[in-house]
2 protein chains.
Amino acid sequence: MGVVERDIDDLPKNPANYTALTPLGFLERAALVHPTRNSLIHGSVVYTWHQTYRRCRQLASALTNRGATFGTTVAVIAPNIPAMYESHFGVPMSGAVLNAVNIRLNAQTIAFLLGHSQAAVIMVDQDFYPLAEEALKIITDKTKGKFKPPLMIVIADENCDQKSLQYALERGAIEYEKFLETGDPEFAWKPPEDEWHSITLGYTSGTTASPKGVVLHHRGAYLMALSNAVIWGMKEGAVYLWTLPMFHCNGWCFTWTLAALCGTSICLRQVTAKNVYSAIANLGVTHFCAAPVVLNTIVNAPKAEAILPLPRVVHVMTAGAAPPPSLLSAMSQQGFRVAHTYGLSETYGPSTICAWKPEWDSLPPEEQARLNARQGVPYVALEGLNVINTQNMKPVPSDGKTVGEIVFRGNVVMKGYLKNPKANEEAFADGWFHSGDLGVKHPDGYIEIKDRSKDIIISGGENISSVEVENVLYQHPAIFDVSVVARPDERWGESPCAFVTLKPGMDASNQNRLAEDIMKFGRSKMPAYWVPKSVIFGPLPKTATGKIQKHLLRVKAKEMGPVKKSRL
Amino acid sequence: MGVVERDIDDLPKNPANYTALTPLGFLERAALVHPTRNSLIHGSVVYTWHQTYRRCRQLASALTNRGATFGTTVAVIAPNIPAMYESHFGVPMSGAVLNAVNIRLNAQTIAFLLGHSQAAVIMVDQDFYPLAEEALKIITDKTKGKFKPPLMIVIADENCDQKSLQYALERGAIEYEKFLETGDPEFAWKPPEDEWHSITLGYTSGTTASPKGVVLHHRGAYLMALSNAVIWGMKEGAVYLWTLPMFHCNGWCFTWTLAALCGTSICLRQVTAKNVYSAIANLGVTHFCAAPVVLNTIVNAPKAEAILPLPRVVHVMTAGAAPPPSLLSAMSQQGFRVAHTYGLSETYGPSTICAWKPEWDSLPPEEQARLNARQGVPYVALEGLNVINTQNMKPVPSDGKTVGEIVFRGNVVMKGYLKNPKANEEAFADGWFHSGDLGVKHPDGYIEIKDRSKDIIISGGENISSVEVENVLYQHPAIFDVSVVARPDERWGESPCAFVTLKPGMDASNQNRLAEDIMKFGRSKMPAYWVPKSVIFGPLPKTATGKIQKHLLRVKAKEMGPVKKSRL
């Protein structure tokens, strides 16, 4: 057989057959194909794709006029409003990198972000202007004035009080619409020269150390945007409700998916069950994404707020924590079709999905929910996913039991952490991205999270998965939200401690009896050593994206002192 | 504003965050996610994704054992049978390039292809063995034995006569299943080192010169596969009927799309209306692709063969020639939803689509069909599409009138023609891929083909689009198929000459009267100089993919001699 150690012909790239992948092109296409279709709806503000493309070019042009270019960072501090969506196109169209900032961070943390990213422009929603100002003051003081004052743009929102806008304008901020006017709506933007160029920067919550800046590139954003559509079977023209914050990993890249599908984005300044049901009933919503805690709120909404039955099947994608089977079951009964996904900011948002199998259709609901609560299989755009023994870096057996670290590999893994070689070295060790999540691989190849390594409770030398204990407790009829952490224990070293929020209307007057009842329930469903020895009632501390802040609960549990031997 | 002429950080590619794009990974994923779902159905032969992945690895392994590697070409001469599908994965998994050969070519042309591509392996369906043998003899004789004898693999099909298999085996060919047995079903295939590496080679029909070898790469195949799914709203688990030959531009990349969707492929050895309706009725078909001529056959099927109403909406993608509005209308009335697309082998198959607009829903059917008969807008994966004036290379105005050449740019444009620098230079002039098709750009941005440059009829100095004349004539109730070409004309230089096939059951006894009737019909619908001065009845010569071979008709029209002045 004639063998040559070269390709069949030398046919190089040329301008006609090679273009850097970028999701920005989806916007140009949407404006060409469906110029009159709604791109964004925010209360009484409605834009078409024709308008959105012009506005994003204006933003790019205005930023360029003010010096933004390749290497610049533009920070946006805003909820899910049109300007936030526009920044996902307008900022990278100028060559700059978008840093969408979590609006629930405190000024101290935002100051760290602004300094770390060297933000040259800050676009801020009018209500968050004082927060941005405070952060700026901190960074300016800290650097003794060396931090170059950024260009301040305030985004007006008719849903807010006029006062906060007035305040920002008095401080010299330029109003967003006025700023757009300085730009050319037909600005000749260019795709990036290299698809590896950075498109966004997003900071991890940094519960234990300084936040890390996750840098994503155009190539990955393009691939993730398409993969979202393929994985979820989203059709052209989908109507998407922005329950998931766009500052959370660029809305899991759905910002760009919607442009690829020429779909419509429904903005939500505030995520409440009432707002969600109302958008479904009145605005044709077909899809939304939300953390399990948001779904919990929706499914437990008071009757007056829930508009049921749903006018159509509504597809829900959830991630961020393993949703308890009871929640998946309840959602399904209301007519929501829940796709359970999993991923991290470092993987462009969800990059695994618990793909539904037809053979599950005939199983009992609890069994379905149990299977669907797993993290599943890779997204189409993720080339590698495994659970490995971190000692020898070999895959664990597919036995559903052996715990290892969940690792990722492929084109939807971040470029790296900004200015953090040490973190990058650890994160990319041995050719995998290390998630820090612990899990197992089932015989059917699906992975399942058992815990974050730091969330594992070690009691009498045995590992207890806090997630599994939570999943059992969620089945208790009085429990709305629960989080289980380790509490020091005189006899066992650690034992599970449950923090519980009750469902609305539940009688919380006799907490001791309730705690006893929950423990009794636990003993009937799981091994005795898994059952929490302490049950604490009250609201749970949460991150901006609805993740329960276990590190705070761990501190609280520690402060409670160890469980006494006598309590055994 | 702090400006640096570099990216926000230097974060290089590493094995965890960069993988060469390749559609081969879709197969591995399908086998993981839906191992027990049917991948291929061919009569009584049914494979699951688990089996298909094993069989493709066996093929790759067996080829590797026989020396196939990077740089090798493997030719496959077969209709739409499972081995043809498997070769789309197994061949490139070995590093080799797949050349799927049009089975309707003659031995002379196939001999040219084999010699040009230096095929080292020929996989051939049992019924086509004599054809392959004849081609081999021609190339061997021509090169005086210098053409290295390829490895001959014969593919048995239980739907064929045992004799042709016997014949091949006697000539020393190894049977495909036997060949697979020499390979390892768990072969550790590797993705290509570079996504620019060639994956397939396909020859253009070469109506006027030697066929040109279109080389495609892994990157484009991956992007096109996903783009197909997004553009067409195909869901995970789609059931796809193989009416379109896989040898035609790798089945427009749907071979790989089906793996990305974990869908099911229904093979069809012979495309007849009866087979199509039967597969729709019995095998759950949701999608198929076909040239307009095939749709014509389906929609005009005898009542005994058509199983109507359809059990579900069936999505049809058509391309290859502009479908006459009357055909689009008829399909729609039967419940088929027709997506009209356009592209070339050089653009990985269809890369534009006439995207449907909601505002068309309320238009009269003829108007809908007229709008939907246009070639439309770019695919999601195609970055550039335009109609340009070939004199100054500038875009023509969007007036629906000014004719220019349709040009493409982006990641789903071929690497180039194999061993053909001159053709590449012409094809890629000025940063565009030049299609050779003439068209206009409408005010809504949709493009429409007016003709291949060589198909334009120039009559009295005026350009006549043969396609537009055909579109009018298709509305005539007696016409099944029509093709219009230039015939020499004493007075006007050229004038339109129509070749017509009548619908089944039409009385063709009085051809003169019919011709008069058709011309009269034409005069009522279009400018007088467009109306064919000659109408000829009989079957139309077609390519393997159902394209009418206009060059043969042009020859025929020329042989008829010029239209006399007196006939004016």
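Considering only protein heavy atoms, what is the solvent-accessible area of B:I103 at a probe of 1.4 Å, reported in Å² to the nearest 10?
Here the accessible area works out near 20 Å².
Put one equal scatterer on each alpha carbon of the protein assembly as shown, apply the Debye formula with no solvent term, and list log10 I(q)/I(0) at q = 0.09 1/Å to two decimals.
-1.12
Just need the Rg to Rh number for region B:456-567, please, alpha carbons only, Kirkwood Rh.
Radius of gyration relative to Kirkwood radius: 0.94.
Per q in 0.11 Å⁻¹, report the Debye log10 I(q)/I(0) for region B:151-264, using one uniform scatterer on each alpha carbon and no solvent.
Taking Cα atoms of region B:151-264 as identical point scatterers yields -0.57.
Could you pull the copy-to-copy label distances for A:V45, with points set 7 Å along Cα to Cβ, in nm to one decimal and sorted shortest first?
Nearest to farthest, the other copies are at 6.0 nm.
Which shape class, rounded, prolate or oblate, goes with region A:269-329 when its Cα gyration tensor gives a ≥ b ≥ c as root eigenvalues, a/c under 1.5 marks rounded, and past that a/b bigger than b/c marks prolate?
Cα axes put region A:269-329 in the prolate bin.
Relative to the other copies, what are the label-point distances for A:P358, with labels 7 Å from Cα along the C-beta vector, expressed in nm at one decimal and sorted shortest first?
Its label point is 3.2 nm from the equivalent points in the other copies.
Round to the nearest 10 and give me the degree value, 0 to 90, for the angle of helix B:511-523's Cα axis relative to the longest principal axis of chain B.
For helix B:511-523, the angle is close to 80 degrees.
Carbon and sulfur together cover what percent of the accessible area of chain B at a 1.4 Å probe radius?
52
Please give the average number of partner chain Cβ atoms lying within 10 Å of the Cβ of each residue in A:70-81, rounded to a whole number.
Mean partner-chain Cβ count within 10 Å for A:70-81: 2.
How many Cβ atoms of partner chains, on average, are near each residue of A:252-265 if near means within 10 Å of its Cβ?
1
Please tell me the relative contact order of chain B in percent, rounded to the nearest whole number, where contacts are Cα pairs under 8 Å and at least six residues apart.
10
Looking at the calculated P(r) for region A:49-217, what percent of the C-alpha pair distances fall above 23 Å?
Value for region A:49-217 (Cα pairs over 23 Å): 36 percent.
Tally the DSSP beta bridges in the protein assembly as shown and give the antiparallel ones as a percent, rounded to 5.
Roughly 55 percent of the DSSP beta bridges within the protein assembly as shown come out antiparallel.
Could you work out the relative contact order of region B:395-481, using alpha carbon pairs under 8 angstrom and six or more residues apart, expressed as a whole percent?
Taking the mean separation of contacting Cα pairs over the length of region B:395-481, I get 26 percent.
State the dimensionless ratio Rg/Rh of chain B (Rg: radius of gyration of Cα atoms; Rh: Kirkwood radius).
0.98
Give the chain A residue with the shortest beta-carbon distance to the rotation axis relating chain A to chain B, plus that distance as a whole number of Å.
A:L226, 3
Can you list the copy-to-copy distances for A:P185, using a point 7 angstrom from Cα toward Cβ, in nanometres, shortest first?
Its label point is 6.3 nm from the equivalent points in the other copies.
Under the classification rounded if a/c is under 1.5, otherwise prolate if a/b is larger than b/c and oblate if not, where does region A:233-361 fall, given a ≥ b ≥ c as square roots of the Cα gyration tensor eigenvalues?
Rounded.
Keeping all protein chains in position, work out how much accessible area B:R554 exposes to a 1.4 Å probe, and write it in Å² to the nearest 10.
60
Take A:W530, B:W356 and sort them by solvent-accessible surface of the protein heavy atoms, 1.4 Å probe, largest at the top.
Correct descending sequence by accessible area is B:W356, A:W530.
What does the helix-only formula give at 222 nm for chain A: each DSSP H stretch with n ≥ 4 adding -39500 (n - 2.57), the total divided by the residues, and the result rounded to the nearest 500 deg cm²/dmol?
Roughly -9500 deg cm²/dmol at 222 nm, from the helical runs in chain A.
To the nearest 10 Å², what's B:S44's accessible area with a 1.4 Å probe?
B:S44 has an accessible surface of roughly 90 Å² with all protein chains in place.
Does anyone have the angle between helix B:49-65 and the longest principal axis of chain B? Alpha-carbon axes, 0 to 90°, nearest 10?
So the helix axis and the longest Cα principal axis differ by about 70 degrees.
Hey, what's the Kirkwood Rh for region A:74-173 if you take every pair of different alpha carbons, in angstrom?
Mean inverse Cα-Cα distance, inverted, gives 13.6 Å.
Here is the link list: A:K190/B:K357; B:K394/B:K450; A:K450/A:K564; A:K401/A:K550. Which ones come out longer than 20 Å on Cα distance?
Exceeds cut-off: A:K190/B:K357; A:K450/A:K564; A:K401/A:K550.
Could you give the angle, 0 to 90 degrees to the nearest 10, between helix A:82-93's Cα long axis and the longest principal axis of the Cα atoms of chain A?
The helix A:82-93 is inclined about 60 degrees to chain A.
Once you have the Cα-Cα distance between B:K163 and B:A508, take 0.36 nm times their residue separation minus that, and quote the gain in nm to one decimal.
Length gained between B:K163 and B:A508: 120.1 nm.
At a 1.4 Å probe radius, which order do A:R523, B:R312 fall into by accessible area, largest first?
Solvent-accessible surface, decreasing: A:R523, B:R312.
Could you rank B:T73, B:T140, A:T204 by how accessible they are, 1.4 Å probe, largest area first?
Per-residue accessible area, sorted high to low, gives B:T140, A:T204, B:T73.
The values are calculated or read from the model by the stated rules, or taken from the named source; none is laboratory data. Predicted model, so just to flag it, every value in this text is computed and none were measured. Positions of Cβ are backbone-derived with ideal geometry, glycine not excepted, and every protein chain shown enters the neighbour counts. Accessible surface is based on the protein model in full, side chains and every heavy atom, while ligands, DNA and RNA are left aside. Shrake-Rupley method; radii C 1.70, N 1.55, O 1.52, S 1.80 Å.
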